[in-house]
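**Q** Have a look at the structure that comes next, please.
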Amino acid sequence: MEFVNIVGAGLAGSLMSVYLAQKGMRVKVYERRPDMRKKDIGGGRSINLAMSARAIKALTETGLIDEIMTLAIPMYGREMHSKTGQLTFQPYSHDPKECIYSVSRAELNMRLMNKAEALELVDFQFETICEEINPKTGAVTLRNLDTDTLFQAQGSRTIATDGAFSSVRYAMQKMPRFDFSQQYLSHGYKELTIPPLPDGSFRMKREALHIWPRGEYMMIALPNPDGSFTCTLFFPFEGKTSFDSLDTEAKVLAFFEDQFPDAVPLMPTLLEDYFTNPTSSLVTIRCWPWVLEDKIAILGDAAHAIVPFFGQGMNAAFEDCTILSRCLDEQGLDWMAAFEAFQQERKPNADAIANMALENYIEMRDTTADPEFLFRKAVEHYLEQHLESYRSRYELVSFTTVPYAEAYRRGQVNQGILKELMKGISRPEEVDLALAERLKKDRLM
Ligand SMILES: Cc1cc2nc3c(=O)[nH]c(=O)nc-3n(C[C@H](O)[C@H](O)[C@H](O)COP(=O)(O)OP(=O)(O)OC[C@H]3O[C@@H](n4cnc5c(N)ncnc54)[C@H](O)[C@@H]3O)c2cc1C
């Protein structure tokens, strides 16, 4: 029977273990943290993620989607909050049924682990940290944190899903000609809370992703099933208005009242949250290769951590699992060939979503409140409705499984087309559809 080690029982590792066990393989998963189903590991259930087509496909293939959908809240668009508290709803698509979903990270992770264990071929070992991988032999050295003892994992095939600061990738970095780069944003983030009303209902529109765009910074909020919202403040680390400068309760309150006045009355624990919750950094990690012969493959954030502004990190990590699973099926379990096919197919797509996530960072904080941006979106929705098979980049990324690199390419072409079509018009209905059709044929095909 095939035997595979997985390092990291986060989202990607737990899902990958399900995919492999469903092929009849025995899987041992090593995880640094305690079992989150038994112990509160901090962050808890309130941290949520936007889930879209690529994660949905993976969860469908592994038979989990119905269960996960019972936890998920649909979000049909962005609810923009201006400084005066004015609300503008921007749908994600012209099709009112298209949405992304808010889902609890911890619940999702726990359900994936339960599913894996139910398959009986997967064994999780918690509080065990991967310390070293021998790139020549593939041997994995781990430390049992409970007994503080080192031991070697069985077998010599490992899939590493140990996140952005992967120890396995770190070991691979010592190989000759291994490419690696990490790029931090000058902004970090902090999670804050909008609790439910006493009767358990939501204090803002439930089925939307809320955004307070303010140019140099922004706050977003995603709904949770218990009626609360998890807010994330994306904010400079340093400078005149920054995490560094907001260092007293009075300054924080004055800043929030000035910038997010409609949110302050909804955030009774603002000051406590602000000073208790950690400030975390945002990084883009690129590396190559992702595999070592038939011995090691890294995937998810370990291979390509991205900034969260397209809501795609988990979606991309899950899509990695889908593609690796397909490569294994196509290569008849020839691991060397499957790993190679996987990295060749995936790397350009990981680079594309990394770029798009960085671009969306600018779009979300700077332009979502800009009238020209709003008009371009309106014209784009008009085209989605009236021009056969026209899809915006956002739709391609979030509502389809068109490879990211292709979505990126089409998005760039779309920008040029939109620019020409917007010349001299003031309403979306004035778009010259014949010209649009011609431009689409010439440039997109
Ligand atoms: C603020 C923020 C918001 C985000 N929002 C979204 C969103 O809306 N939608 C979306 O799709 N994505 C989002 N993401 C991205 C998403 O969280 C990640 O892409 C996703 O968690 C990657 O999954 P992973 O399994 O690769 O890594 P992780 O989830 O990081 O899991 C890694 C696991 O490995 C374990 N581990 C680490 N080192 C070791 C070791 N040496 N030995 C053993 N175990 C180890 C860790 O404890 C962890 O359990 C967001 C990210 C951030 C930071």
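**Q** What is the magnitude of the charge dipole of the chain about its Cα centre, with +1 placed on the Cβ of each Lys and Arg, -1 on the Cβ of each Asp and Glu, and no other charges, expressed in debye to the nearest 20?
**A** Here the size comes out at about 540 debye.
**Q** Sticking with this structure for a sec: Measure out, as a whole number of angstrom, how far apart the alpha-carbon centroids of the stretch 32-110 and the stretch 138-166 sit.
**A** Rounded to whole Å, the Cα centres lie 30 Å apart.
**Q** Moving to a separate point now. Check cross-link reach from Lys423 to the aspartates and glutamates: straight Cα distance under 20 Å, and skip same-chain residues fewer than eight apart.
**A** Candidates past the 8-residue exclusion: Asp370, Glu372, Glu380, Glu384, Asp432, Glu437, Asp442.
**Q** Pairs of alpha-carbon atoms within less than 8 angstrom and 6+ residues apart define the contacts here; what relative contact order does the stretch 83-163 have, in percent?
**A** Working: 58 pairs, mean separation 11.7, N = 81.
Worked out over the stretch 83-163, it gives 14 percent.
**Q** If you rank Tyr30, Tyr184 by fewest surrounding Cβ atoms within 10 Å, what's the result? Walk me through the numbers before you get to the answer.
**A** Working: Tyr30 25, Tyr184 12.
Ascending number of Cβ neighbours within 10 Å: Tyr184, Tyr30.
**Q** Divide by every residue of the chain the summed helix terms, -39500 (n - 2.57) for each DSSP H run of at least 4, and state the resulting mean residue ellipticity at 222 nm, rounded to the nearest 500 deg cm²/dmol.
**A** The per-residue figure over the chain is -11500 deg cm²/dmol.
**Q** Cut-off under 14 Å on the C-alpha distance; same-chain residues fewer than 8 positions from Lys115 excluded. Which aspartates and glutamates are left, in chain and number order?
**A** Answer for Lys115, where 14 Å is the Cα cut-off: Glu61, Asp66, Glu67, Glu107, Asp123, listed by chain and number.
**Q** Still on this structure: Would you work out the relative contact order for the chain, in percent, from Cα pairs under 8 angstrom that are 6 or more residues apart? Walk me through the numbers on the way to the answer.
**A** Details: 831 pairs, mean separation 78.8, N = 445.
About 18 percent, as a whole number.
**Q** Here is a follow-up. Could you tell me how many degrees, from 0 to 90 and to the nearest 10, lie between the Cα long axis of helix 105-118 and the main elongation axis, the longest principal axis, of the Cα atoms of the chain?
**A** Roughly 30 degrees, rounded to the nearest 10.
**Q** Quick one: of Lys57/Lys347; Lys38/Lys295; Lys57/Lys419; Lys23/Lys97, which pairs are farther than 23 Å apart, Cα to Cα?
**A** Among Lys57/Lys347; Lys38/Lys295; Lys57/Lys419; Lys23/Lys97, the Cα-Cα distance tops 23 Å for Lys38/Lys295; Lys57/Lys419; Lys23/Lys97.
**Q** Using a Gaussian network model of the chain with C-alpha springs under 10 Å, which one of Leu387, Leu324, Leu49 is most mobile by mean-square fluctuation?
**A** Looking only at Leu387, Leu324, Leu49, the biggest GNM fluctuation is shown by Leu387.
**Q** Just order 198-205, 57-64 by mean Cβ neighbour count inside 10 Å, highest at the front, would you?
**A** Numbers: 198-205: 12.1, 57-64: 19.0.
So the peptides 198-205, 57-64, ranked by packing, come out 57-64, 198-205.
**Q** Connecting C-alpha atoms closer than 10 Å in a GNM of the chain, tell me which of Ile100, Ile425, Ile159 has the biggest fluctuation.
**A** Of Ile100, Ile425, Ile159, the most mobile in the Gaussian network model is Ile425.
**Q** What is the angle, in °, between the Cα long axis of helix 335-362 and the longest principal axis of the Cα atoms in the chain? Nearest 10 is fine, range 0 to 90.
**A** Helix 335-362 and the main axis of the chain meet at about 30 degrees.
**Q** Report relative contact order for the stretch 184-281 in percent, whole number only (criteria: Cα-Cα under 8 Å, sequence separation at least 6).
**A** Relative contact order of the stretch 184-281: 37 percent.
**Q** What angle, in degrees between 0 and 90 and rounded to the nearest 10, separates the Cα long axis of helix 11-21 from the longest principal axis of the Cα atoms of the chain?
**A** Relative to the chain, helix 11-21 is tipped by roughly 50 degrees.
**Q** When we measure straight from the Cα of Lys240, which lysines land under 23 angstrom away, once same-chain ones fewer than 8 places off are left out?
**A** Hits, sequence-local ones excluded: Lys83, Lys190, Lys251.
Where a number appears in this text, it was derived from the coordinates with a stated rule and is not lab data. Predicted model only: the values in this text are computed from it and were never measured. So basically every Cβ, Gly included, is an ideal-geometry build from the backbone, and we count neighbours across all protein chains shown.
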